[in-house]
Every structure is written in structure tokens, then in C-alpha cells.
1. Equivalent ellipsoid semi-axes for the chain, as square roots of 5 times the alpha carbon gyration tensor eigenvalues: give them largest first, rounded to whole Å.
2. Which order results if 61, 68 are arranged by neighbouring Cβ count within 10 Å, fewest first?
3. State, as an integer percentage, the relative contact order of the range 4-61 based on alpha-carbon contacts under 8 Å between residues 6 or more apart.
4. With a point put 7 Å past each Cα toward its Cβ, work out how far residue 10 is from residue 178 in nm, to one decimal.
5. Suppose the chain between residue 169 and residue 86 were pulled fully straight at 0.36 nm per residue; how much longer would it get relative to their current alpha carbon spacing?
6. How many Å³ per residue does the convex hull of the Cα positions in the range 9-80 occupy?
7. Nearest 500 deg cm²/dmol is fine: what mean residue ellipticity at 222 nm does the chain get from its DSSP H runs of n ≥ 4 alone, each adding -39,500 (n - 2.57), divided by its residue count?
8. Restricting to Cα pairs below 8 Å that are 6+ residues apart, what does the relative contact order work out to for the chain? Please round to a whole percent.
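Quick note: the coordinates plus some simple rules give every number you see, no bench work behind them. Values in this document were obtained by computation on a predicted structure and should not be read as measured data. Cβ sites come from the backbone with ideal geometry, for glycine too, and all protein chains shown count toward neighbours.
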């Protein structure tokens with residue numbers, strides 16, 4: 001039994017959920033998302049509530065059941081409120097610019113790094129903060145992780161791109177050893 005999978009999902013006003021063949025389609029004020037259901041689970045949509053239930057029994061059924069419920073909940077949240085991640089750029093001379101459909105990063109390399117922005121994602125840049133927003137939670141997280149991977153924060157000076165609020169463990173550098181009386 002999956003504790004998460006058993007919980008019903010409430011459908012807020014202005015959101016419609018349909019099941020066509022083996023796909024779930026969620027429409028809302030911010031857009032439309034669809035996802036293919038695993039053959040082990042099925043959904044029932046009644047009176048503003050979605051219930052995910054297992055169809056077949058296998059060793060992986062509880063995990064797939066809970067994951068499916070969480071994905072559908074994220075789809076409903078995405079089309080109503082949306083998701084966003086904020087990234088901070090730290091380092092002297094490090095900056096980001098929006099160049100059409102690309103994000104241009106100056107992060108200490110000999111050339112600017114261009115990161116393509118996938119459709120469905122909105123980027124905004126204010127000083128040293130990059131905001132990644134969209135309705136698909138997976139795509140927002142993946143895009144933010146791809147931007148962060150261009151220059152991960154290094155442990156000695158803390159320079160690089162990090163999530164807002166992320167704590168970077170700092171290391172102590174090498175010390176010069178002085179010899180007394182030589």
C-alpha cells in the first residue's frame with residue numbers, strides 16, 4: 001500500500017482534468033499539461049476529486065502508484081500557480097543576460113556561455129539572480145539544474161551559480177608553514 005497514492009487530489013475551480021486512453025490531460029488558467037499513465041495504475045475523476053488506484057499487483061506497484069499521484073498533483077498545482085526556482089550568481093565579473101531565446105552567462109571562461117531556453121520556460125534576470133519559472137515542475141527543475149551545472153559553486157571562494165538559499169560548505173585553503181630558526 002502506498003500512503004501517498006491513497007490520498008485524493010482535489011481539483012480547484014478553473015481546472016479541468018480529462019483521461020483519454022492512457023493519458024491524463026490537465027487544463028488550467030496558466031496552460032495545459034499532459035502525461036502518460038503507467039499500465040499498473042488508473043485514475044477515477046469524480047466531483048472535483050481525482051483518485052489514483054492500482055490495477056495490477058507487482059513489486060513496483062506501490063512506488064508507481066505514489067509517483068503517479070504526486071505527478072498529477074504537481075500538474076494541477078502547475079496549471080493553477082506555476083513553479084519557480086531562483087539561482088544566484090556569485091563571483092567578480094560573473095553576470096547573466098537574456099539574449100532572445102538564450103541565456104548568456106559570463107562566468108569566468110574565455111567566452112560567454114549560451115544556454116538555450118526550452119519552450120514553456122520563462123527566464124528573468126535581475127542583477128545576480130536568475131528566476132526560472134513555468135508550469136511543468138520537472139522542466140523548471142531540469143532547466144535550473146542545467147544552468148547551475150555550467151559553473152557549480154566551488155568550495156574555496158564560493159564562486160559560481162547556486163540555488164537561492166543553498167549553503168555551500170567552504171574549505172580552508174592551504175596555509176603557508178613558517179619554520180622557526182633555520
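1. On the way: eigenvalues 376, 99, 32 Å².
Taking √(5λ) for each eigenvalue gives 43, 22, 13 Å, largest first.
2. Numbers: 61 18, 68 24.
Going from sparsest to densest Cβ surroundings: 61, 68.
3. On the way: 87 pairs, mean separation 18.6, N = 58.
So the answer I get is 32 percent.
4. That separation, rounded to one decimal, is 6.8 nm.
5. Numbers: separation 83, 0.36 × 83 = 29.88 nm, distance 1.94 nm.
Gain on stretching residue 169 to residue 86: 27.9 nm.
6. Numbers: hull volume 5.0 nm³, N = 72.
Normalising the Cα hull of the range 9-80 by residue number yields 70 Å³.
7. -6000 deg cm²/dmol
8. Details: 329 pairs, mean separation 31.6, N = 182.
This gives 17 percent for the chain.
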